[in-house]
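Novice: If you scroll down you'll find the structure; I have some questions about it.
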Amino acid sequence: MNNYLLSVVLGIIEGVTEFLPVSSTAHLRIAESLLHVSLSDGYWKMYSIVIQLGAILCLPVYFRERTAKFLSTFPGDERGDRTVLTHPLGLTMVAFVVTAIPSFLLTKVIGKNLESLYVMGTALLIGGIVMWGVDAMKAPWEKAGPGAPGSPICTWRMEDMSLGQAIWIGACQIVSAVFPGTSRSMSTIAGGQLVGMSRASALEFSFFLSIPTMVVATGYTLLKSLRGKGANPIGVSQLTSDQWVILAIGFVVSFVVAYASVAWFMAWVRKRGFAPFAVYRIIVGIALLAFAARLAG
């Protein structure tokens, strides 16, 4: 396949799957196998990081009004009952720190799992079952709405989150770092629902939490690669003009597609649940495990 077209295809895959609870890592790994692209190669590894940064950039653009509102009220809020730690931005950073420290300490473990199709397939399958179960338990209360007697959902807006909820969600995000295929968004959304958050509030917090998490994680990996400290490093001076164009295409495509994906997903979740994504995860997980077994055999 022509590398320009390949860049468009991979950019679309990254943009569609980065923020949906289906694991972009697993889908890029599947694409690598199907399209015969070695994403472990220095250049293509760098490419995968660059298109992920393109997807990340769509979030501050999409949530610019919400972010501006949070910044204008920090460290308190409109009601005056929030502190630096309990403000939505403070809660985001608390959850990030809870994720970042253990994930950094587990770097070697994470590295061992990144290329394992068995780990990804298993994580997709188990994550799909967990997501389906959690969402099914909360579905009746989502339909009932705020104020329903006996409802286990106590947080309908991100502004009403507690410090404990943020810490729990940050801890859940560690699972997605250690086991690729789990999906960062799946672990944070399902984790949020388990501690009394509505679908919409859990999803929005998941998006906000992904900004510092993904910027630091991808930036760190890219820096190591460019400085020659990671596996298969590549320096900027080594890139040809064609390679720069391929990077630019992937970056722009992933940004545009991710923006559209986030907008669509937010609208979908407000009216429907996560069951279709759970079913998709289960199907892909089983298919990936079968594919891995075929390669091994």
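The values are calculated or read from the model by the stated rules, or taken from the named source; none is laboratory data. Note that the structure is predicted; figures quoted are calculated from it, not measured. No Cβ is skipped: glycine too gets one built from the backbone with ideal geometry, and neighbour counts run over all protein chains shown. Accessible surface is based on the protein model in full, side chains and every heavy atom, while ligands, DNA and RNA are left aside. Shrake-Rupley method; radii C 1.70, N 1.55, O 1.52, S 1.80 Å.
Novice: Write out, first by first residue and then by second, each pair whose Cβ atoms fall under 9 Å of each other, whose residues are 6+ apart or on separate chains, and whose first residue, in region 90-105, is within 13 Å of residue 212 (Cα to Cα) while the second is of a type in the set (Ser, Thr, Tyr) and open to solvent by 40 Å² or more (accessible area, probe 1.4 Å).
Specialist: As it stands, the answer is 90/83; 91/162, since those pairs meet every condition given.
Novice: Still on this structure: Consider region 151-169. How many of its residues are at pLDDT 95 or above and open to solvent by less than 10 Å² (accessible area, probe 1.4 Å)?
Specialist: The number of residues fulfilling the criteria is 2.
Novice: Which residue pairs have Cβ atoms closer than 7 Å, lie 6 or more positions apart in sequence or on different chains, and pair a first residue in region 219-248 that is hydrophobic (A, V, I, L, M, F, W, C) with a second residue that is open to solvent by 60 Å² or more (accessible area, probe 1.4 Å) and modelled with pLDDT of 75 or more?
Specialist: Between residues of region 219-248 that are hydrophobic (A, V, I, L, M, F, W, C) and residues that are open to solvent by 60 Å² or more (accessible area, probe 1.4 Å) and modelled with pLDDT of 75 or more, the close pairs are 246/3; 246/4.
Novice: Could you please let me know if residue 186 is under 28 Å from residue 75 (Cβ atoms) and either at pLDDT 90 or above or out of contact with any Gly (no Cβ under 6 Å at 6 or more places or on another chain) (or both)?
Specialist: Spelling it out, it is not the case that residue 186 is under 28 Å from residue 75 (Cβ atoms) and either at pLDDT 90 or above or out of contact with any Gly (no Cβ under 6 Å at 6 or more places or on another chain) (or both).
Novice: While we're on this one: Which condition does residue 148 not pass, out of (1) in a helix (DSSP H, G or I); (2) hydrophobic (A, V, I, L, M, F, W, C); (3) at pLDDT 85 or above, if it passes all the others?
Specialist: Status for residue 148: all satisfied but (1).
Novice: Would you confirm whether or not region 192-203 contains a residue that is of a type outside the set (A, V, I, L, M), farther than 24 Å from residue 57 by Cα, part of a loop (DSSP other than H, G, I, E, B) and modelled with pLDDT under 90?
Specialist: No, every residue in region 192-203 fails to be of a type outside the set (A, V, I, L, M), farther than 24 Å from residue 57 by Cα, part of a loop (DSSP other than H, G, I, E, B) and modelled with pLDDT under 90.
Novice: Okay, moving on. Can you find a residue in region 268-276 that is out of contact with any Phe, Trp or Tyr (no Cβ under 7 Å at 6 or more places or on another chain), at pLDDT below 95, surrounded by fewer than 22 Cβ atoms within 10 Å (Cβ to Cβ) and aromatic (Phe, Trp, Tyr)?
Specialist: yes
Novice: Taking region 238-294, which residues are in a loop (DSSP other than H, G, I, E, B) and among the hydroxyl-bearing types (Ser, Thr, Tyr)?
Specialist: 240 - this is the single residue of region 238-294 that is in a loop (DSSP other than H, G, I, E, B) and among the hydroxyl-bearing types (Ser, Thr, Tyr).
Novice: Test residue 269 against the stated conditions and say whether it is among the hydrophobic types (A, V, I, L, M, F, W, C) and under 25 Å from residue 46 (Cβ atoms).
Specialist: no
Per-residue answers, yes or no, for (1) within 24 Å of residue 208 (Cβ to Cβ); (2) within 12 Å of the chain's Cα centre (by Cα); (3) not in a helix (DSSP H, G or I):
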{"residue": "20", "(1), (2), (3)": "yes, yes, yes"}
{"residue": "25", "(1), (2), (3)": "yes, yes, no"}
{"residue": "34", "(1), (2), (3)": "no, no, no"}
{"residue": "43", "(1), (2), (3)": "no, no, no"}
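Novice: Quick one: which of 67, 92 is open to solvent by 30 Å² or more (accessible area, probe 1.4 Å) and assigned to a helix (DSSP H, G or I)?
Specialist: Going through 67, 92 in turn, just one is open to solvent by 30 Å² or more (accessible area, probe 1.4 Å) and assigned to a helix (DSSP H, G or I): 67.
Novice: Residue pairs, Cβ under 8 Å, 6 or more apart or interchain, first in region 141-157 and under 14 Å from residue 196 (Cβ atoms) and of a type in the set (Phe, Trp, Tyr), second open to solvent by 40 Å² or more (accessible area, probe 1.4 Å) and assigned to a loop (DSSP other than H, G, I, E, B). List them.
Specialist: Correct list of pairs: 141/152; 156/146.
Novice: Separate question: Between a first residue in region 279-294 that is open to solvent by 50 Å² or more (accessible area, probe 1.4 Å) and a second residue that is not in a helix (DSSP H, G or I), which pairs have beta carbons less than 7 Å apart while being 6 or more apart in sequence or on different chains?
Specialist: Once the first residue is open to solvent by 50 Å² or more (accessible area, probe 1.4 Å) and sits in region 279-294, its partners that are not in a helix (DSSP H, G or I) give 280/22.
Novice: Still on this structure, please answer the following. Restricted to region 49-64, and to residues that are among the aliphatic types (A, V, I, L, M) and under 20 Å from residue 91 (Cα atoms), which residue is surrounded by the most Cβ atoms within 10 Å (Cβ to Cβ)?
Specialist: 56
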